[in-house]
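Shown next, in structure tokens, is the structure this report addresses.
The values are calculated or read from the model by the stated rules, or taken from the named source; none is laboratory data. For clarity, every value in this text was computed on a predicted model and none was experimentally measured. Cβ placement follows ideal geometry from the backbone for every residue including glycine, while neighbour counts extend to all protein chains displayed.
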Amino acid sequence: MYTADQLLGMTLDNKYKIVRQLGDGGMAYVFAAERLHIGDLAAVKLLHPELAKEPLKKRRFQLEAYTTAAVKHPNVISIFDYDETDSGQPYLVLELLNGPTLSNHIKRGRMLPITRVVEIITPICGALNLAHQKGILHRDLKPSNIVLHQLEDLTEVVKLIDFGIVKMLNDDSSPLTQQGYVVGTPEYLSPERYMGHPLDARSDIYSLGVLAYRLLTGRVPFNGQTATEILQKHIKQAVHPPRLLNSAISEEVEAVVLKALSKKPADRQTTTVEFANELGEAQISSGDTLDHFSSLNET
């Protein structure tokens, strides 16, 4: 098994020369690597050595490879390869993205205009709709899993990343909840996730509602000192109307976001496409423009 320092300069499978480290997440190192047979750069995501010894973590990593490959969409990061090092450490070879995560884009409580929110959320909804059609729930929608990728001509492409804790809709055996802990980011989890109820696309729609709320108001609907406190609020506490936090939000936009944040899945939009369409229509009907919101972005 290899540490990050040991991997620098190494060539994996005679194809991928590790050039520099890009990050170190909870489960994996991420490197930029030269694809020697092609000459371009890709991202290599390598499971931490201690986790590679745990069957569940290794299975989750393999599932990420499978689901990322299954959801071929312009707004989903592309996967090129999956393999293991000679010591049994699995790695993914992915498209190398150029641009900030949405989390970095909105740091320090920054609010975005509804036109910008629609620009970001609409392509993500399209990617999720394809995933849902293939029986895949993302289950970890949040700003740090969205990248504002910039092409060489400076065109922006919104990319959904990290299918590491997905759930297959037809698989009730996936052991992704362990020892009483719910895997995911508490601020973005649907009530049914915490309650252990059956999940469908509307669980991801709730998370999209949280995302839209965060982008429009500069804060998530529920926060707290512990994960349990936050999750209990998702279940029991009413959402603070976003217009009370940002008066520039129209009633039409607020209604769409609050619908997505309904406690009961049956009260939400049925598909992510429906959510995107309603949000776009609310933007148009309310007459919201970039100029209308320009004062919100002064930092």
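I'm trying to understand the selection: among the residues of region 92-107, which are in a strand (DSSP E or B) and buried (at least 20 other Cβ atoms within 10 Å of the Cβ)?
Start the filter on region 92-107 by keeping residues that are in a strand (DSSP E or B), which leaves 92-94, 101.
Of everything in region 92-107, those that are in a strand (DSSP E or B) and buried (at least 20 other Cβ atoms within 10 Å of the Cβ) turn out to be Leu92, Val93, Leu94.
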Next item on the list: Give region 12-21 a look and list any residue that's farther than 14 Å from Leu92 by Cα and outside any loop (DSSP other than H, G, I, E, B), or say none.
Entry: Val19, Arg20, Gln21
Notebook entry, point to check: Restricting the search to region 184-223, which residues are free of Cβ contacts under 8 Å to residues at least 24 places away in the same chain and under 14 Å from Pro143 (Cα atoms)?
Noted result: none
Check: Between residues in region 46-71 that are over 18 Å from Val30 (Cβ atoms) and in the same structural domain as Thr85 (by TED's automatic domain parsing) and residues that are assigned to a strand (DSSP E or B) and of a type in the set (S, T, N, Q), which pairs lie under 9 Å by C-beta distance while being six or more apart or on different chains?
Finding: Leu56/Gln178
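Looking at region 173-226 only, could you name the residues that are in a helix (DSSP H, G or I), at pLDDT below 90 and either aliphatic (A, V, I, L, M) or not assigned by TED's automatic domain parsing to the domain that holds Gly109 (or both)?
Filtering region 173-226 down to residues in a helix (DSSP H, G or I) leaves 186-188, 191-195, 201-217.
With at pLDDT below 90 added as a condition, the list becomes 193-195.
The one that is in a helix (DSSP H, G or I), at pLDDT below 90 and either aliphatic (A, V, I, L, M) or not assigned by TED's automatic domain parsing to the domain that holds Gly109 (or both): Met195.
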Note to self: Give me the residue from region 9-28 that is over 29 Å from the mean Cα position of the chain (by Cα) and loosely packed, with under 12 Cβ neighbours inside 10 Å and, out of that set, nearest to Leu97 (Cα to Cα).
What the structure shows: Gly9
Next item on the list: Residues being in a helix (DSSP H, G or I) and either surrounded by fewer than 20 Cβ atoms within 10 Å (Cβ to Cβ) or charged (D, E, K, R) (or both): count how many of those fall in region 144-158.
Entry: 1
Note to self: Looking at Arg193 and the list (1) among the basic types (Lys, Arg); (2) more than 19 Å from the chain's Cα centre (by Cα); (3) crowded, with 22+ Cβ neighbours inside 10 Å, which single condition is not satisfied?
What the structure shows: (2)
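Is there a residue being farther than 20 Å from Thr3 by Cα and touching a residue at least 60 places away in the same chain (Cβ under 8 Å) anywhere in region 85-94? Working first, answer last.
Looking only at region 85-94, we keep the residues that are farther than 20 Å from Thr3 by Cα, and these are none.
Among the residues of region 85-94, not one is farther than 20 Å from Thr3 by Cα and touching a residue at least 60 places away in the same chain (Cβ under 8 Å), which makes the answer no.
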Notebook entry, point to check: So which residues in region 71-91 are in contact with a Leu (Cβ under 9 Å, 6 or more places away or on another chain) and either surrounded by 19 or more Cβ atoms within 10 Å (Cβ to Cβ) or under 20 Å from Ile146 (Cβ atoms) (or both)?
Noted result: Val71, Lys72, His73, Asn75, Val76, Ile77, Ser78, Ile79, Gln89, Pro90, Tyr91
